[in-house]
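**Student:** Let me give you the structure first, and then I'll get to my questions.
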Amino acid sequence: MPSSPSQLSADHFVADLEETPIRAVDAVDESEKPRSSWTDAWESMRSRPLFWISGVLILLIIAVAIFPGVFNHVSATSANLNNSNGSPRAGHIMGFTYQGQDVYARLIVGARASLTVGILATLICTVIGIIIGALAGYYGGWLDAVVSRIGDIFFSIPTVLGAIVIMTTIPNRTPLTVAVILAIFAWPQVARQMRGAVISAAATDYVMASTALGVSRFRILIRHVVPNAINPVIVIATVSLGTFIVAESTLSFLGIGLPGTTISWGNDISSAQTYLRTAPLPLLWPAVALSITVLSFLMMGDVVRDALDPKARARR
Amino acid sequence: MTTTTETSTTTNFEAQKGKPLLEIKGLNIGFKTQNGYVEAVRGVDLSLGQGETLAIVGESGSGKSTTATSIIDLLPGTGKVTSGEIWFDGKNLVTLPKAELSDIRGREIGYVPQDPMSNLDPVLSIGWQVEETIRANRVATGRKEVRAHAIQVLKDAGLSDADKRLKQYPHQFSGGMRQRVLIGIGLSSRPKLLIADEPTSALDVTVQRRILDHLETLTRDYGTSVLFITHDLGLAAERAEKLVVMYKGRVVESGPSQEILANPQHPYTQRLVAAAPSLASRRIQSQISPSVTHGVTVSDVGSDDALRIEQAHEREAAASKAKDFIKVENLTKVYNIRQGGFKSLELKAVDDVSFEIPRGTTMALVGESGSGKSTVAKLVLQLESITSGTVAVDGQSIGALKGRELFDFRRRVQPVFQDPYGSLDPMYSVGNTIAEPLTTHNIGDRASRQARVRELLEQVSLPVSTINRYPNELSGGQRQRIAVARALALKPDVIVLDEAVSALDVLVQGQILNLLTDLQSELGLTYLFITHDLAVVRLVADNVCVMQKGKVVERATTDEVFSNPEQAYTRDLLEAIPGANFQFGA
């Protein structure tokens with residue numbers, strides 16, 4: 001039993017009990033709402049203005065791509081050479097192209113092609129990358145060696161250069177073919193990232209605990225390893241969406257992306273380029289649209305990374 | 001410096017001993033978080049005299065490290081001193097300009113960080129890192145002088161062939177040696193104050209003792225005051241004259257350490273002291289009598305389960321007299337380590353180990369890091385393949401089990417791992433984590449599994465509402481209880497506890513040990529308890545195996561090992577426990 005305070009030496013300080021109430025050892029705080037790591041990520045994103053700005057822009061761009069009719073009533077293809085490189089006027093706020101077509105109308109209609117290529121390429125390359133990277137990282141051995149070297153081969157070819165080489169041999173180019181070609185050269189980056197994340201997730205104690213429970217190896221991969229390794233890939237996917245849109249425009253600009261009959265921002269930039277010095281506006285508008293779109297996705301990627309990768313957040 | 005001046009400074013130390021060097025008054029520290037402002041340290045007062053040693057003890061999150069790092073302005077992240085004063089040698093460090101503070105930091109206040117493994121830069125040589133400190137603090141100038149000083153620092157820190165070791169890199173040093181280097185760096189400019197933040201908690205007990213002895217000698221010679229941050233009451237009792245007990249950011253008790261620990265006044269200190277395991281402790285006895293509780297655990301389960309439980313009881317009855325429920329014979333595990341090229345090196349992690357565990361008892365496997373104890377655990381769990389020898393559980397040899405048989409074996413032997421932050425999938429809710437063994441083995445339907453999860457949560461004394469929470473919301477001890485619940489879900493016979501309480505604060509550790517003891521008598525569990533901490537062994541084990549370099553060097557009942565250790569190695573281990581022979585009060 002503790003003795004009376006009089007026996008204590010002079011510099012023995014004991015805090016007032018009322019000021020320092022003690023709680024039960026290791027009690028669960030039941031007042032807080034349960035929160036998963038996804039809830040945390042959402043709360044972190046929600047508090048960033050950048051998330052809302054880029055989110056609204058992305059939604060707007062997607063809406064334009066899906067329902068161009070809501071934003072534009074003028075034909076994008078009808079040409080009147082009287083209006084060649086004409087300046088803006090009522091009803092045609094962005095002026096006319098060299099062919100006398102309405103720039104605003106083409107801008108709205110072209111969004112669909114650019115966005116389709118971007119989203120398709122991202123989906124294809126992410127899915128391929130996740131599957132290949134996860135299998136290589138998880139099973140290791142010769143599979144890993146073979147897959148990693150194949151990835152390295154594709155990795156060593158610059159995406160645009162590789163795409164140029166293949167595109168010139170394909171006669172009928174659609175948004176899907178462009179997306180597939182871009183994805184073929186971009187998946188190794190996703191696969192590498194996934195492989196690394198899978199290797200570190202597979203070495204954790206919870207994986208060992210599941211093994212000791214008798215969970216099968218493949219099931220552990222699907223249920224525990226992949227969900228814990230997916231975050232960096234989501235980040236890459238968001239960022240690469242923007243770069244794929246740029247790549248499509250680059251290819252179209254070079255005349256080997258989408259065929260000239262398809263309205264896309266890249267094609268329009270390409271055809272306006274010849275008259276840049278006399279009529280810069282027909283080039284400026286699609287370029288601005290492209291920049292805003294890519295910037296939105298990059299900003300979103302930034303926010304997503306901060307939310308999903310707390311280590312990167314700490315460094316900021 | 002001549003001999004005469006040195007003697008005069010020494011006498012100066014003697015004269016000044018006891019005069020306050022560091023005084024903290026009403027210190028408040030806050031952190032900005034997503035959910036607003038959090039006060040981590042509230043109104044802390046403490047004072048440390050010249051040449052004195054003071055220990056701050058408390059559980060994780062009590063603010064002890066925050067207080068210490070605020071002294072040298074190294075608060076992490078958004079931490080900020082909001083009010084209060086830190087007087088050091090006549091200067092208020094809180095208001096001091098950054099430039100002057102960085103001049104004091106390192107030169108007058110040394111710092112020894114916690115983790116020797118991550119606090120040395122792996123790409124720079126040891127010599128470079130020591131010399132950097134010496135140059136930064138202008139202790140010596142000129143290439144040769146700096147080099148000579150660095151060698152001296154390392155020699156003082158207890159590295160004998162210091163001149164050769166200067167060119168080596170951190171990975172060539174053991175944990176203990178790295179900690180010596182860090183202590184050397186911390187003391188290199190003969191600071192007036194040394195802050196040591198859990199300097200030895202990552203090290204083995206025998207290494208810990210050597211390092212602490214050495215630190216004590218050095219600081220006594222230099223007249224340095226030492227501020228220890230520790231969670232180990234035994235260490236505080238043994239090494240510090242003064243003690244400050246912190247709880248939730250406040251000081252709850254402070255004064256002479258021996259007096260506080262022998263006669264704690266504040267209820268929190270009393271609780272801490274009561275939970276501190278020492279060699280004088282006895283094995284924890286369950287508060288529950290087994291006959292009463294058997295009925296309770298069987299209730300509320302599906303008919304399928306009832307059948308299995310019946311079978312389990314039959315098994316139990318058949319084997320209850322078996323002295324060798326788990327029988328390990330001549331167990332050996334060899335790892336092939338790739339040496340680059342086509343060469344490989346054989347490493348014997350476990351070397352001819354034999355022991356038996358009677359049903360319903362606890363066998364402790366004790367040893368320092370690298371002794372092979374965790375490998376034995378993995379072999380018993382069949383997470384690694386056996387090189388030679390046998391492991392038999394209930395008469396069944398487990399080395400050759402495959403497919404269905406192995407799957408069934410997994411129901412009977414379950415693990416709980418050390419790291420409470422790594423052993424639960426962060427993406428799984430608590431309910432799903434505990435239900436995973438049930439779904440994997442296809443036991444019951446959704447509703448009965450839910451019921452079982454609730455029952456298990458109750459068994460490990462967690463509120464049922466925990467079911468929807470995620471691991472990141474829970475403390476280390478709570479996570480460890482979830483891991484125990486998951487291990488219990490399949491009603492196993494054996495639980496392998498691999499350092500299961502080592503990462504926990506002493507109070508939480510005591511709570512988990514009590515829980516494990518209760519569960520053992522309630523469910524007739526057999527434990528293989530792997531630990532480096534002999535004081536904990538005293539509390540839970542019936543039998544002990546001491547392992548060293550892959551071999552079992554001593555095997556006996558717990559009482560025998562503690563009262564009459566036969567091997568010199570065991571005696572070393574026992575003596576190295578900090579505060580082992582200190583009589584705690586309360």
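**Student:** Could you check the simple spin-label distance between A:L254 and B:L347, using points 7 Å along Cα→Cβ, in nm with one decimal?
**Tutor:** 5.0
**Student:** OK, next. Please give the net charge around B:L272, taking every other residue with its beta carbon less than 12 angstrom from that of B:L272, where Lys and Arg add +1 and Asp and Glu add -1.
**Tutor:** Counting the neighbours of B:L272, the net charge comes to -3.
**Student:** Could I ask something else about it? Evaluate the protein assembly as shown: find the radius of gyration of its Cα atoms, find its Kirkwood radius, and give the ratio Rg to Rh.
**Tutor:** That ratio is 1.04, to two decimals.
**Student:** Going Cα to Cα from B:K144, which aspartates and glutamates come in below 13 Å? Please leave out same-chain ones fewer than 8 positions away.
**Tutor:** In chain and number order, the partners are B:E131, B:D163.
**Student:** On to the next question. Apply the Kirkwood formula to the stretch B:323-575: the hydrodynamic radius equals the inverse of the mean of 1/r over all pairs of different alpha-carbon atoms; give it in Å with one decimal.
**Tutor:** The answer is 19.0 Å.
**Student:** Assigning unit charges at the beta carbon (Lys, Arg +1; Asp, Glu -1) and nothing else, what dipole magnitude in debye, to the nearest 20, does the protein assembly as shown show about its Cα centre?
**Tutor:** Roughly 2860 debye for the protein assembly as shown.
**Student:** I'm checking a number: the convex hull volume of the Cα atoms of the stretch B:86-175, normalised per residue, in Å³. What is it?
**Tutor:** It comes to 124 Å³ per residue, whole-number rounded.
**Student:** Using the Cβ atoms and a cut-off under 10 Å, what net charge is assigned to the surroundings of B:V334, where Lys and Arg are +1 and Asp and Glu are -1?
**Tutor:** Neighbour charge sum, excluding B:V334 itself: 0.
**Student:** List the trypsin sites (Lys or Arg not before Pro) within the stretch B:146-177 that DSSP assigns to loop and that have no more than 13 neighbouring Cβ atoms inside 10 Å.
**Tutor:** B:K167
**Student:** Next question, about the same structure. If you take the square roots of the eigenvalues of the alpha-carbon gyration tensor of chain A and sort them as a ≥ b ≥ c, do you get rounded (a/c under 1.5), prolate (a/b over b/c) or oblate?
**Tutor:** Oblate.
**Student:** Shifting gears a bit: Taking the Cα centre of the protein assembly as shown as the origin and placing charges on Cβ (Lys, Arg +1; Asp, Glu -1), which of A:L308, B:V334, A:V28 is farthest toward the positive end of the dipole?
**Tutor:** A:L308
**Student:** Let's see if you can work this out: charge +1 on each Lys and Arg Cβ, -1 on each Asp and Glu Cβ, no other charges. What is the dipole magnitude of the stretch B:323-575 about its Cα centre, in debye to the nearest 20?
**Tutor:** About 880 debye.
**Student:** Here's another thing I want to ask about it. How much net charge surrounds B:N28 when only the other residues with a Cβ under 10 Å from the Cβ of B:N28 are counted, with Lys and Arg +1 and Asp and Glu -1?
**Tutor:** +1
**Student:** Using +1 at the Cβ of each Lys and Arg and -1 at the Cβ of each Asp and Glu in the stretch B:323-575, identify which of B:I482, B:G431, B:A349 lies farthest towards the dipole's positive end.
**Tutor:** Of B:I482, B:G431, B:A349, it is B:G431.
**Student:** Now a separate question. Rounded to the nearest 500, what is the 222 nm mean residue ellipticity of chain B from helices alone, with -39500 (n - 2.57) per DSSP H run of 4+ residues and division by all residues?
**Tutor:** It lands at -12000 deg cm²/dmol.
**Student:** Taking every DSSP beta bridge that has both residues in the stretch B:323-575, what percent is antiparallel when rounded to the nearest 5?
**Tutor:** Restricted to the stretch B:323-575, the bridges split so that about 55 percent are antiparallel.
**Student:** Could you pull the Cα extents of the stretch B:348-393 along its three principal axes, largest to smallest, in whole Å?
**Tutor:** Extents along the principal axes, in whole Å: 30, 23, 18.
**Student:** Expressed in nm to one decimal, what extension gain is obtained for the pair B:W128 and B:D559 from 0.36 nm per residue of sequence separation less their Cα-Cα distance?
**Tutor:** Using 0.36 nm per residue and subtracting the Cα-Cα distance, I get 150.2 nm.
**Student:** Relative to the present Cα-Cα distance, how much length would full extension add between A:A90 and A:I53 at 0.36 nm per residue of separation?
**Tutor:** That pair, A:A90 and A:I53, stretches by 10.4 nm at full extension.
**Student:** Mind listing the phi-derived Karplus ³J(HN,Hα) values for the stretch A:92-99, rounded to whole Hz, using 6.51, -1.76 and 1.60 with θ = phi - 60°, and x for any glycine or proline?
**Tutor:** 9, 5, 10, x, 10, 7, 4, 7
**Student:** Along each principal axis of its Cα atoms, how long is the stretch B:474-540 end to end? Whole angstroms, biggest number first, please.
**Tutor:** Cα spread of the stretch B:474-540 along its principal axes, largest to smallest: 28, 28, 18 Å.
**Student:** Right, here's the next one. Looking only at other chains, what is the average number of their beta-carbon atoms within 10 angstrom of each beta-carbon in B:261-268?
**Tutor:** Whole-number average of other-chain Cβ neighbours for B:261-268 is 5.
**Student:** Starting from the coordinates of the alpha-carbon atoms of the stretch A:87-185, obtain the Kirkwood hydrodynamic radius over all distinct pairs and give the value in Å to one decimal.
**Tutor:** Result for the stretch A:87-185 stands at 16.4 Å.
**Student:** How large is the dipole of chain A about the Cα centre if only Lys and Arg carry +1 and Asp and Glu carry -1, each at its Cβ, rounded to the nearest 20 debye?
**Tutor:** Here chain A has a charge dipole of around 1320 debye.
**Student:** Follow-up question, since we're still on this one. So how much slack lies between B:S354 and B:K164, counting 0.36 nm per residue of separation and subtracting their Cα-Cα distance, in nm?
**Tutor:** 64.2 nm
**Student:** Relative to the compact-globule scaling 2.2 N^0.38 Å, provide the ratio for the alpha-carbon radius of gyration of chain B.
**Tutor:** That works out to 1.07 for chain B.
**Student:** Then there is this: Which whole-number value in Å³ per residue fits the convex hull of the alpha carbons of the stretch A:195-291?
**Tutor:** 124
**Student:** Restricting to chain B, compute how many DSSP beta bridges are antiparallel as a %, nearest 5.
**Tutor:** 55
**Student:** So which of B:K64/B:K242; B:K19/B:K155; B:K333/B:K378; B:K378/B:K402 end up more than 21 Å apart, counting from Cα to Cα?
**Tutor:** From B:K64/B:K242; B:K19/B:K155; B:K333/B:K378; B:K378/B:K402, over 21 Å: B:K19/B:K155.
**Student:** Taking θ as phi - 60°, what are the ³J(HN,Hα) couplings along the stretch B:361-375 by the Karplus curve (6.51, -1.76, 1.60), each to the nearest whole Hz, with x for Gly and Pro?
**Tutor:** 10, 10, 10, 9, 10, 10, x, 8, 5, x, 7, x, 5, 5, 5
**Student:** Could you tell me which residue out of B:V391, B:G444, B:A500 lies farthest along the dipole of the protein assembly as shown toward its positive end? Charges go on the beta carbon: Lys and Arg +1, Asp and Glu -1, centred on the Cα centre.
**Tutor:** Sorting the options by dipole projection puts first B:G444.
**Student:** Angle, helix B:126-136 long axis vs. longest principal axis of chain B, Cα atoms, 0 to 90°, nearest 10?
**Tutor:** On a 0 to 90 degree scale, this one is about 40.
**Student:** Applying a 10 Å radius around every beta-carbon, put A:280-293, A:140-153 in order of their mean neighbour count, most first.
**Tutor:** Order by mean packing, descending: A:280-293, A:140-153.
**Student:** What helices does chain A hold that run 24 Å or longer along their axis, going by alpha-carbon atoms, with a Kyte-Doolittle average of 0.5 or more, using DSSP H for the helix calls?
**Tutor:** Passing helices, by number: A:49-66, A:103-139, A:175-202, A:231-253, A:281-308.
Coordinate-derived values only; no laboratory data. Nothing here was measured: the structure is a model prediction, and the numbers come from that model. Don't worry about glycine lacking a Cβ; one is built from the backbone with ideal geometry, like all the others, and counts go over all protein chains shown.
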